[in-house]
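Undergrad: Provided herewith is a single structure, encoded as structure tokens, for subsequent inquiry.
The values are calculated or read from the model by the stated rules, or taken from the named source; none is laboratory data. Everything numeric here is computed off the predicted structure, so don't read it as measured data. Reconstructed Cβ throughout: ideal geometry from the backbone, glycine too, with neighbour counts over all protein chains shown. These accessible areas exclude ligands, DNA and RNA; they are computed on the full protein's heavy atoms, side chains included. Shrake-Rupley method; radii C 1.70, N 1.55, O 1.52, S 1.80 Å.
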Amino acid sequence: MIRAPHVLLRSLVVLSATMLFLWPHWHAALRDPGAYSFNVGYDGTKNYFTVAWHLKHDSSMLAFEGMNAPFGEHIDMPDAIPLLSNGLRVASLLQPSLREEGVTAVNLFMLIGIPLTAILIMEVMLILLVPWWFAMIAAVGIALTSPQHFRLLGHYALAASWVIPLMLLLVLRWERGGRRWGPLCRIPIRTRFR
């Protein structure tokens with residue numbers, strides 16, 4: 001029996017295979033993500049605008065002041081992708097030019113999420129004792145056929161196909177690993193139901 005490759009090697013193989021399948025269709029967006037728009041109308045434009053506005057103009061991490069004047073909105077309501085936009089706001093304290101990269105960040109967030117989904121699904125399958133070679137092949141296939149990819153045409157906050165596999169992986173590691181993963185697994189549950 002052939003031993004399973006190291007976690008880094010497995011991840012690189014799955015990442016490479018996924019990118020190989022993504023390249024023919026998304027090569028323009030992968031080559032220059034700041035010059036490409038997945039959707040130039042309706043919700044797609046609004047989602048690019050909300051992230052860019054939140055990066056450049058908002059004074060709070062939880063408030064979006066680009067709509068509903070003079071009161072503004074909570075950051076979740078206009079689909080400003082809080083994890084991404086607030087992460088970039090914090091990073092822009094060190095590198096101010098990141099405030100100008102809203103479109104690039106949204107495009108990379110969605111495209112990098114596809115190979116990340118494949119890696120997470122592979123790790124879930126390995127925890128569930130699926131043979132490593134089958135887990136690698138199946139993870140790429142599942143990630144590439146995810147229904148969230150239809151959201152790349154407008155509902156960008158829903159295009160994060162890696163969220164459910166990440167939660168499943170954390171729960172499985174918590175269940176199998178005991179106390180070490182417990183606090184990390186409780187974070188999404190606590191923040192969602194407050």
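Undergrad: Please state the shape class of segment 36-96: rounded when a/c is under 1.5, otherwise prolate if a/b exceeds b/c and oblate if not, all from the C-alpha gyration tensor.
TA: oblate
Undergrad: How big is the equivalent ellipsoid of the chain along its three axes, where each semi-axis is √(5λ) from the Cα gyration tensor, reported in whole Å from largest to smallest?
TA: Working through the eigenvalues yields semi-axes of 32, 22, 14 Å.
Undergrad: Could you tell me which of rounded, prolate or oblate describes segment 3-110, using a ≥ b ≥ c as the square roots of the eigenvalues of the alpha-carbon gyration tensor, with rounded for a/c under 1.5 and, failing that, prolate when a/b is larger than b/c and oblate otherwise?
TA: Cα axes put segment 3-110 in the prolate bin.
Undergrad: Of Phe134, Tyr48, Val103, which is farthest on the positive side of the dipole of the chain, counting Cα position, with +1 on Lys and Arg Cβ, -1 on Asp and Glu Cβ, and the Cα centre as origin?
TA: Phe134
Undergrad: Sticking with this one: Could you tell me what percent of the accessible area of the chain is made up of carbon and sulfur, with a 1.4 Å probe and every protein chain present?
TA: Here carbon and sulfur together make up 68 percent of the probe-accessible area.
Undergrad: For the chain, modelled as a GNM with alpha-carbon contacts under 10 angstrom, which of Leu94, Leu144, Leu30 fluctuates the most?
TA: Result for the chain, Cα springs under 10 Å: Leu94 fluctuates most.
Undergrad: If you don't mind, there's one more thing I want to ask. Can you give the charge dipole size of the chain about its Cα centre, rounded to the nearest 20 debye, using +1 on the beta carbon of Lys and Arg and -1 on the beta carbon of Asp and Glu?
TA: 840
Undergrad: Here's a follow-up. Compute the accessible area per residue over segment 125-167, keeping the other protein chains in place, probe 1.4 Å, unit Å². Walk me through the numbers before you get to the answer.
TA: Values: 2350 Å² over 43 residues.
About 55 Å² of surface per residue is accessible.
Undergrad: Something else about it: Using 0.36 nm per residue, how much length does the chain from Thr45 to His25 gain when fully extended, once their Cα-Cα distance is taken away?
TA: 5.1 nm
Undergrad: Once R0 is set to 25 Å, what does the formula 1/(1 + (r/R0)^6) return for the Cβ-Cβ distance between Asp32 and Ala63, expressed as a FRET efficiency to the nearest 0.05?
TA: 0.20
Undergrad: Rounded to the nearest 0.05, what FRET efficiency do Gln95 and Ala138 give with R0 = 35 Å and r taken as the Cβ-Cβ distance? Could you check?
TA: The value I calculate is 0.35.
Undergrad: Using a/c under 1.5 as the rounded threshold, could you call segment 113-164 rounded, prolate or oblate? The axes a ≥ b ≥ c are square roots of the C-alpha gyration tensor eigenvalues, and prolate needs a/b larger than b/c, oblate otherwise.
TA: The shape class here is prolate.
Undergrad: Here's something else I'd like to know. Under unit Cβ charges (Lys, Arg +1; Asp, Glu -1), what dipole magnitude, rounded to 20 debye, does segment 1-73 have relative to its Cα centre?
TA: Result for segment 1-73 is approximately 480 debye, rounded to the nearest 20.
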